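Down below is the structure, laid out as structure tokens.
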Amino acid sequence: MRTFYGVMLDTPLMLGTALYPSPAIMAEAFRVSRASVATVSLRREGRQGQAFWDIIRGFGVHVLPNTAGCYSAREAITTAQMAREVFETNWIKLEVIGHADTLQPDPFGLLAATEALAADGFEVFPYTTEDQVLAARLLEAGAQVLMPWGAPIGSGLGLNNRYGLKALRAAFPDVPMVIDAGLGLPSHAADAMEMGFDAVLLNTAVAQAGDPVAMARAFSMAAQAGALAHGADPMAPRDMAAPSTPVLGKAWL
Amino acid sequence: MRIEVNGQAREVTATTVAAALAELGLAAARIATALNGTFVPKAARGDTHLTEGDRLEVLAPMQGG
């Protein structure tokens, strides 16, 4: 079983904490989905920080701070250091963004920041693409988990490059991987888990659904169904039909 | 002296990061600080001196994806 820096998660669902209609709906989404990780961020002090933190702590889940919105390694490193102090965890979801429209990771900044943070004792969850060369470099730099994107953050497009993701999964069979970003429907989560990914991380698809609580539950069920299916060793697809009802003993009419 | 706190110009009498936070009413808050882009750990705030025009960032827990 692949663990996240030694942590075995109870469920393969990581849920964001942003964009919900209310804190009560967010709390209910966490409760019904049994998400095992909550992502959080740091922003300029608006006097609400402690109250928000108290809500999150009440969920009893692992907390994964992010460096969302950072466009340089330096910015991301400083944000990670601040997050470690505030959230009291070595975990960091490392985002170094390279492009404002796609929110695509900047691979060069990501690698530099991963190297610096891993050397400083952080347990880095790099938000990356399906690029295998970059994946290998991130692992060399000290990351022990990878978080390839499904599609651009908030797009809801699902798994944009199934071939690339499948190849990435196959290339690093021992590395825990989370599909992070771009999921829109529970079927996307099931698909990712059936492909052998270890967890999915989503936010917008739940928080911006008409009924976030129902959608959280749907994603939870889908992710768990996909994980169960992967473990059950799915049949291989074939081009021609093969009857499932026995031919032998059929009446002669 | 005049410093920038979270992008806003502020006049403070404090000469250290710790004193500035106290002056801003944030001494007990769950926050992290950076001065001119460099992280200032909690334990170092008392010894980190401010100079005119410094940029102090004070960040707190917030929703995130």
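Take region A:188-221 and flag every residue that is of a type in the set (G, A, S) and in contact with a Gly (Cβ under 6 Å, 6 or more places away or on another chain). Break it down stepwise before answering.
Our first condition is that a residue be of a type in the set (G, A, S); within region A:188-221, this holds for A:189-190, A:192, A:196, A:199, A:205, A:207, A:209-210, A:214, A:216, A:218, A:220.
Listed by number, the residues that qualify are A:A190, A:A205.
For region B:40-61, what are the residues that are closer than 27 Å to A:I55 by Cβ and open to solvent by 40 Å² or more (accessible area, probe 1.4 Å)?
B:P41, B:K42, B:E57
Going through B:A9, B:A19, B:A14, B:A28 one at a time, which residue ends up being farther than 21 Å from A:R84 by Cα, exposed (fewer than 14 other Cβ atoms within 10 Å of the Cβ) and aliphatic (A, V, I, L, M)?
Numbers: B:A19 fails: exposed (fewer than 14 other Cβ atoms within 10 Å of the Cβ); B:A14 fails: exposed (fewer than 14 other Cβ atoms within 10 Å of the Cβ); B:A28 fails: farther than 21 Å from A:R84 by Cα.
Testing whether each residue is farther than 21 Å from A:R84 by Cα, exposed (fewer than 14 other Cβ atoms within 10 Å of the Cβ) and aliphatic (A, V, I, L, M) leaves just B:A9.
Would a scan of region A:67-85 turn up a residue that is in a loop (DSSP other than H, G, I, E, B), open to solvent by less than 60 Å² (accessible area, probe 1.4 Å), touching a helix residue (DSSP H, G or I) at 6+ places or on another chain (Cβ under 7 Å) and facing chain B (nearest Cβ under 8 Å)?
At the first step, the residues of region A:67-85 found to be in a loop (DSSP other than H, G, I, E, B) are A:67-72.
Then drop every residue that is not open to solvent by less than 60 Å² (accessible area, probe 1.4 Å), which leaves A:67-70, A:72.
Among the residues that remain, those that are also touching a helix residue (DSSP H, G or I) at 6+ places or on another chain (Cβ under 7 Å) are: A:67, A:70, A:72.
Of the ones still in play, those that are also facing chain B (nearest Cβ under 8 Å) are none.
No, that holds for no residue.
Filter region A:12-46 for residues that are charged (D, E, K, R) and either facing another protein chain (nearest Cβ under 8 Å) or touching a Pro at 6+ places or on another chain (Cβ under 9 Å) (or both) and give the result.
Of all residues in region A:12-46, those charged (D, E, K, R) come to A:28, A:31, A:34, A:43-45.
Once the filter is applied, which keeps residues that are charged (D, E, K, R) and either facing another protein chain (nearest Cβ under 8 Å) or touching a Pro at 6+ places or on another chain (Cβ under 9 Å) (or both), region A:12-46 yields A:E28, A:R43, A:R44, A:E45.
Which count do you get for residues in region A:8-27 that are over 17 Å from A:A222 (Cβ atoms) and in a loop (DSSP other than H, G, I, E, B)?
7
For the structure I just gave you, tell me whether B:R45 is within 9 Å of the chain's Cα centre (by Cα) and basic (K, R). Step through it out loud before you land on a result.
Values: within 9 Å of the chain's Cα centre (by Cα): yes; basic (K, R): yes.
Taking the combined requirement at face value, the residue satisfies it.
Name the single residue that is surrounded by the fewest Cβ atoms within 10 Å (Cβ to Cβ) among those in region A:5-30 being without any contact (Cβ under 8 Å) to a residue 24 or more places away in the chain and over 20 Å from A:A227 (Cβ atoms). Show your work before the answer.
Filtering region A:5-30 for residues without any contact (Cβ under 8 Å) to a residue 24 or more places away in the chain gives A:6, A:8, A:22, A:24.
Those still in the list that are over 20 Å from A:A227 (Cβ atoms) too: A:22, A:24.
Working: A:S22: 9, A:A24: 11.
Looking at residues that are without any contact (Cβ under 8 Å) to a residue 24 or more places away in the chain and over 20 Å from A:A227 (Cβ atoms), I get A:S22.
For A:A167, are the conditions met, namely being exposed (fewer than 15 other Cβ atoms within 10 Å of the Cβ), hydrophobic (A, V, I, L, M, F, W, C) and under 29 Å from A:A100 (Cβ atoms)? Full working, then the answer.
Details: exposed (fewer than 15 other Cβ atoms within 10 Å of the Cβ): yes; hydrophobic (A, V, I, L, M, F, W, C): yes; under 29 Å from A:A100 (Cβ atoms): yes.
Criteria met by A:A167.
Which number in (1) buried (at least 19 other Cβ atoms within 10 Å of the Cβ); (2) touching a Leu at 6+ places or on another chain (Cβ under 9 Å); (3) not in a helix (DSSP H, G or I) marks the one condition that A:L103 misses?
Of everything listed in (1) buried (at least 19 other Cβ atoms within 10 Å of the Cβ); (2) touching a Leu at 6+ places or on another chain (Cβ under 9 Å); (3) not in a helix (DSSP H, G or I), A:L103 misses just condition (2).
Residues that are under 15 Å from A:E45 (Cα atoms) and more than 9 Å from chain A (Cβ to nearest Cβ): list the strands (runs of 3 or more DSSP E) wholly contained in chain B that include at least 1 such residues. Step through it out loud before you land on a result.
On the way: elements: B:2-5, B:8-11, B:32-35, B:38-40, B:55-63.
Output list reads B:2-5, B:8-11, B:32-35, B:55-63.
The values are calculated or read from the model by the stated rules, or taken from the named source; none is laboratory data. The structure displayed is predicted, hence computed values, not measured ones. Glycine gets a Cβ as well: all are built from the backbone with ideal geometry, and neighbour counts include every protein chain shown. Note: accessible area is taken over every heavy atom of the protein model, side chains too, but ligands, DNA and RNA are not part of it. Shrake-Rupley method; radii C 1.70, N 1.55, O 1.52, S 1.80 Å.
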